[in-house]
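I have placed the structure first, in the form of structure tokens, so that the comments after it can refer back to it.
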Amino acid sequence: MRYFGALSLALASGAFSVALLGAPLVAQTAPASSAHTASGLEVSGPQLTLRVDALRDDVVRVRMFPNGHPAEDASWAVLPTARTARVKVTATPEGFQTSKLRVSLGADQKLTVSDLAGNVLQQDVLPVQWTEDGFRVFKQKTEDDHFFGLGDKMGPLDRAGEAFTMWNTDMFGFQESTDPIYKSVPFFLEMHGGRTIGVLFDNTFRTFFDFGRERNDRYVFSAPKGPLDYYVMYGPEPKQVVEDYAWLTGPTPLPPLWSLGFQQSRYSYYPQSMVEDVAAHLRRDKIPTDVLWLDIDFQYKNRPFTVDTTQFPDMKGLLTGLEKNGFKTILITDLHIAHVTDGSYAPYTTGHAADAFVKEKGAEYVGPVWPGPAVFPDFTQAASRKWWGTNFKEFLDDGAAGFWNDMNEPAVFRYPSKTMPDDVEHRIGGNEAQGFSTRTAMHPEIHNVYGMENSRATMEGLLTLRPNLRTFVMTRASYAGGQRYAVTWTGDNSSTWNHLRETTPQLLNLGLSGFAMSGADVGGFAGSPSADLLTKWLMVAAFQPIDRDHSAKGTNLHEPWVDGPEHEAIRKRYIEERYKLMPYLYTTAEEMSRTGLPITRPLFLEFPHATTDNHPLDNDGPGEFMFGPKVLVAFSPSPEEVAPYVVHLPSGLWYDYWTGKSIDRRGPMGAADHEIRDAKSELPPILAQPKLDELPVYVKGGSIVPMAPLVQSTSEKPNGPLTLRIFPPAPGEACDGDVYTDDGLTFNFRKGEFFRQHFTCSVTPEGALTVSLQEAEGRYKPWWTELRLEVVGSKAAAATEGSKSLALESTSLGKAVSLKATNKLRTVVLR
């Protein structure tokens, strides 16, 4: 064991504050031991041990526990390969360093993480406080710090100055100030001085985060029980932090292509004839749609895994008929199993025989939910998850394409807490790969991961039944890492302008927190939207990951046609635009599945240094977001208002997506709001005048966006060429784009059955445009046999490929040329 001075001094002089009973006690004279390890350091004081390990050069893990009682080295969130990873570090007198980070523990008892240039990234301002009520960790905060993440918490995108509780809660009718709601994702990004870190506080109990509400000079995270276990990830760019988090907890898997199409839902479509009527109306009005959802009223007495054969006399025929007409069907499968003990309800009978339900005082816990008295699967037990998965076979055989795990906070209709009591017992078993020993845990430890393990059981069950078919599971409740198992939505929102406005920061923070495939109930679940509200919501949702129109029982219908032909035409046009952009959207989704980068992104993810003082540009334009890496959607920050609003474009050359008009914003960015920036750069502000049928959308110069002919569902083969819409860069600036495709359904892409092609372009000072199509990767044969290069704003008089002249076509946006598609490297020049 190697001792080193500063750490020993820190502990000997009372570096840790600890009390197991009552107020904190500080040990002043007891000896301390400190040791370098191959991957970090371990320091023991009179009562506590601190262990810091470098998992990668840019990721460190910090744990603290009472001496001799190390917390279980386990995680529901962090992948085993990441949790057990280690890199060798270089010891220093104060601690250690990697190739990117320096970690030190000073005599002033502060744990500090810095970059190698000495910039402090994270620093304790007080020792950890341990009391009988739990522990608190205090970190330095400045007025220039910005915080993002924590999932779909309400409020602004930037969490600075706010405080939050992590406790999954069924919260129908939540408002902007409501906390907590459905999910607990204890991960956040901290931005300061142009550098970004991420922090995952991996504790499943009810945890708390204060980003400066109590005191502006510190932020705090705490828990009443459980491990003090957190991970620090370093960028310095925010994209790198998001990718680090995906390395820790796993990215969102590549979804089936159809899940990116428009989806129509209601609580509830019944009887069977109503479902068929909605499907027929969508096709009759030629509104592109891929998915219909069935809520709980298709079930017999609201019992999961049943069908009310009076209301749905031919479920298999219904699902098969919808499939033939280009519709996938998603069925709700809530987790509360009706407590029917007479043998007439197979899910209870088989689950009881498998001992698959949670206990209270040794007996099956029973609580009321939709079917009345119900029992709840013990999802922390692998055997229970396996049993749960078997229940989906009949629905899959009938033709269901996906499943919806609702009410899994878990919601119970008996208590003010709306959930299980604390004395409910969960058995942890069969999770050795995640580091867990077999034991019984009480509900407060499992509550926040219960919904995640429900969705895990569903996904694993579907993969067992259909091993080569990608799954689609939607969950309402989850925890960090839950994106590995299911997509999500923001829960029971309301049909108000405020909830439409709140959708953007909710989805952006969900994406930053791992849940890159997410959506909100379009039009609002609770209440009846005005015609204008529903139209605006359908317009902006066309540029979000999951586009599902959903409404509650007792509200007006939400279907696109309900408010007459004028509104239907607008709504249809934006849904159609989503389908035209499907190659771009699917390519972005594939990137997401590899890197964790979300589909909808805050501006700072693509433009982290857009302002001179490095404050996030999103704080100036709270309605704006990126749709993939190339497209900026400038939704109004107050969509119900009629006054013009300022559009905040990062510096550079931009194009109006709809008209192709170029917008040169290559002046310097300001340190405060957009008006100050424009005054400094002498650029006039961009004002958007709200109109019912207009949504400002822009594309950054140097983008190549793949687009397809319009179809009525993704199961329909597009008829025509793949269009590469090219938005030229300024001379000398970069230009690129990609397209990815595969069969959209299976995992064959893992065996090389995919198609990927990269494109670049450049512009000379004289205005000549060169487009390079790189050699394609993969063995999959895409649907297109022709390419159409559409150059926005081009006034070219001639086009050539090598020595061959190409026919040049004038379009409403510029000029275009058509080519036979090949997989080979080729170059086209427009002059």
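Taking region 619-668, which residues are closer than 20 Å to L508 by Cβ, part of a strand (DSSP E or B) and among the small types (G, A, S)?
The one that is closer than 20 Å to L508 by Cβ, part of a strand (DSSP E or B) and among the small types (G, A, S): A634.
Residues that are in contact with a Ser or Thr (Cβ under 8 Å, 6 or more places away or on another chain), in a loop (DSSP other than H, G, I, E, B) and either of a type in the set (V, I, T) or surrounded by 22 or more Cβ atoms within 10 Å (Cβ to Cβ) (or both): does region 586-595 have at least one?
no
Give D613, D618, D563 a once-over and let me know the one that is modelled with pLDDT under 95 and either surrounded by fewer than 24 Cβ atoms within 10 Å (Cβ to Cβ) or not assigned by TED's automatic domain parsing to the domain that holds V291 (or both).
Being modelled with pLDDT under 95 and either surrounded by fewer than 24 Cβ atoms within 10 Å (Cβ to Cβ) or not assigned by TED's automatic domain parsing to the domain that holds V291 (or both) holds for just one of D613, D618, D563, which is D613.
Where residues in region 772-831 are part of a loop (DSSP other than H, G, I, E, B) and among the charged types (D, E, K, R), which of them is surrounded by the fewest Cβ atoms within 10 Å (Cβ to Cβ)?
K824
Go through region 283-321 and report how many residues are closer than 30 Å to I570 by Cβ, out of contact with any Phe, Trp or Tyr (no Cβ under 8 Å at 6 or more places or on another chain) and crowded, with 20+ Cβ neighbours inside 10 Å.
0
Take G814 and tell me if it is on the phi > 0 side of the Ramachandran plot and either in the same structural domain as A401 (by TED's automatic domain parsing) or under 34 Å from the mean Cα position of the chain (by Cα) (or both).
no
List every residue pair whose Cβ atoms lie under 6 Å apart, where the two residues are 6 or more positions apart in sequence or sit on different chains, the first residue falls within region 580-599 and is at positive phi, and the second residue, located anywhere, is part of a loop (DSSP other than H, G, I, E, B).
Every condition considered, the pairs that remain are G596/P251.
Is there a residue being in contact (Cβ under 8 Å) with a residue 60 or more places away in the chain, of a type in the set (S, T, N, Q) and outside the structural domain of G481 (by TED's automatic domain parsing) anywhere in region 150-167?
For region 150-167, residues in contact (Cβ under 8 Å) with a residue 60 or more places away in the chain, of a type in the set (S, T, N, Q) and outside the structural domain of G481 (by TED's automatic domain parsing): absent.
Does region 140-147 contain any residue that is surrounded by fewer than 16 Cβ atoms within 10 Å (Cβ to Cβ), assigned to a strand (DSSP E or B), β-branched (V, I, T) and assigned by TED's automatic domain parsing to the domain that holds V62?
no
Quick one: which strands (runs of 3 or more DSSP E) sit completely within region 432-510 and have at least 3 residues that are assigned by TED's automatic domain parsing to the domain that holds G149 and either in contact with a Ser or Thr (Cβ under 6 Å, 6 or more places away or on another chain) or crowded, with 24+ Cβ neighbours inside 10 Å (or both)?
none
Working carefully through the options Y219, Y231, Y245, find the one that is buried (at least 24 other Cβ atoms within 10 Å of the Cβ), in contact with a Ser or Thr (Cβ under 9 Å, 6 or more places away or on another chain) and modelled with pLDDT of 95 or more.
Y245
Conditions first: (1) without any contact (Cβ under 8 Å) to a residue 24 or more places away in the chain; (2) farther than 30 Å from F747 by Cβ; (3) within 34 Å of the chain's Cα centre (by Cα). E777 passes all but one, so which condition is the exception?
Only one criterion in (1) without any contact (Cβ under 8 Å) to a residue 24 or more places away in the chain; (2) farther than 30 Å from F747 by Cβ; (3) within 34 Å of the chain's Cα centre (by Cα) is unmet by E777, namely (2).
One residue is enough: does region 340-351 have a residue meeting the conditions at negative phi, touching a Lys or Arg at 6+ places or on another chain (Cβ under 7 Å) and touching a residue at least 40 places away in the same chain (Cβ under 8 Å)?
Looking through region 340-351, at least one residue is at negative phi, touching a Lys or Arg at 6+ places or on another chain (Cβ under 7 Å) and touching a residue at least 40 places away in the same chain (Cβ under 8 Å).
Looking for whichever is not in a loop (DSSP other than H, G, I, E, B) and not charged (D, E, K, R) here; the options are T309, T350, T341, T289. Which one fits?
T350
Determine, yes or no, whether M474 is at pLDDT 95 or above, of a type in the set (A, V, I, L, M, F, W, C) and in contact with a helix residue (DSSP H, G or I) (Cβ under 7 Å, 6 or more places away or on another chain).
No; evaluated as a whole, the condition is false for this residue.
Regarding region 84-101, can at least one residue be identified that is crowded, with 20+ Cβ neighbours inside 10 Å, part of a loop (DSSP other than H, G, I, E, B), among the hydrophobic types (A, V, I, L, M, F, W, C) and over 24 Å from the mean Cα position of the chain (by Cα)?
Looking through region 84-101, at least one residue is crowded, with 20+ Cβ neighbours inside 10 Å, part of a loop (DSSP other than H, G, I, E, B), among the hydrophobic types (A, V, I, L, M, F, W, C) and over 24 Å from the mean Cα position of the chain (by Cα).
Would you confirm, using the coordinates I've provided, whether D290 is touching a helix residue (DSSP H, G or I) at 6+ places or on another chain (Cβ under 8 Å) and more than 16 Å from A77 (Cβ to Cβ)?
Spelling it out, D290 is indeed touching a helix residue (DSSP H, G or I) at 6+ places or on another chain (Cβ under 8 Å) and more than 16 Å from A77 (Cβ to Cβ).
Being surrounded by fewer than 24 Cβ atoms within 10 Å (Cβ to Cβ), on the phi > 0 side of the Ramachandran plot and not in a loop (DSSP other than H, G, I, E, B), is that true of even one residue in region 358-378?
Looking for residues that are surrounded by fewer than 24 Cβ atoms within 10 Å (Cβ to Cβ), on the phi > 0 side of the Ramachandran plot and not in a loop (DSSP other than H, G, I, E, B), one finds at least one in region 358-378, hence yes.
Restricting to region 102-139, what's the tally of residues that are part of a loop (DSSP other than H, G, I, E, B), among the acidic types (D, E) and farther than 26 Å from S75 by Cβ?
1
Tell me yes or no: at least one residue of region 256-270 is crowded, with 19+ Cβ neighbours inside 10 Å, over 26 Å from the mean Cα position of the chain (by Cα), outside the structural domain of A708 (by TED's automatic domain parsing) and on the phi > 0 side of the Ramachandran plot.
Among the residues of region 256-270, not one is crowded, with 19+ Cβ neighbours inside 10 Å, over 26 Å from the mean Cα position of the chain (by Cα), outside the structural domain of A708 (by TED's automatic domain parsing) and on the phi > 0 side of the Ramachandran plot, which makes the answer no.
Does region 232-239 contain at least one residue that is hydroxyl-bearing (S, T, Y), farther than 17 Å from L512 by Cβ and touching a residue at least 12 places away in the same chain (Cβ under 8 Å)?
No: region 232-239 contains no residue that is hydroxyl-bearing (S, T, Y), farther than 17 Å from L512 by Cβ and touching a residue at least 12 places away in the same chain (Cβ under 8 Å).
I'd like to check something: does region 209-218 contain any residue that is on the phi < 0 side of the Ramachandran plot, part of a strand (DSSP E or B) and aromatic (F, W, Y)?
Scanning region 209-218 turns up at least one residue that is on the phi < 0 side of the Ramachandran plot, part of a strand (DSSP E or B) and aromatic (F, W, Y).
Given the criteria closer than 30 Å to P602 by Cβ, of a type outside the set (A, V, I, L, M, F, W, C) and within 19 Å of the chain's Cα centre (by Cα), does N448 qualify?
yes
Taking the stated definitions as given, is Y479 among the aromatic types (F, W, Y) and free of Cβ contacts under 8 Å to residues at least 40 places away in the same chain?
Criteria not met by Y479.
Considering P608, P583, which residue is at pLDDT 95 or above, assigned to a loop (DSSP other than H, G, I, E, B) and surrounded by 21 or more Cβ atoms within 10 Å (Cβ to Cβ)?
The conditions single out P608.
The values are calculated or read from the model by the stated rules, or taken from the named source; none is laboratory data. Because the structure is predicted, anything quoted here is derived from the model rather than measured. We place every Cβ from the backbone using ideal geometry, glycine too, and count neighbours over all the protein chains shown.
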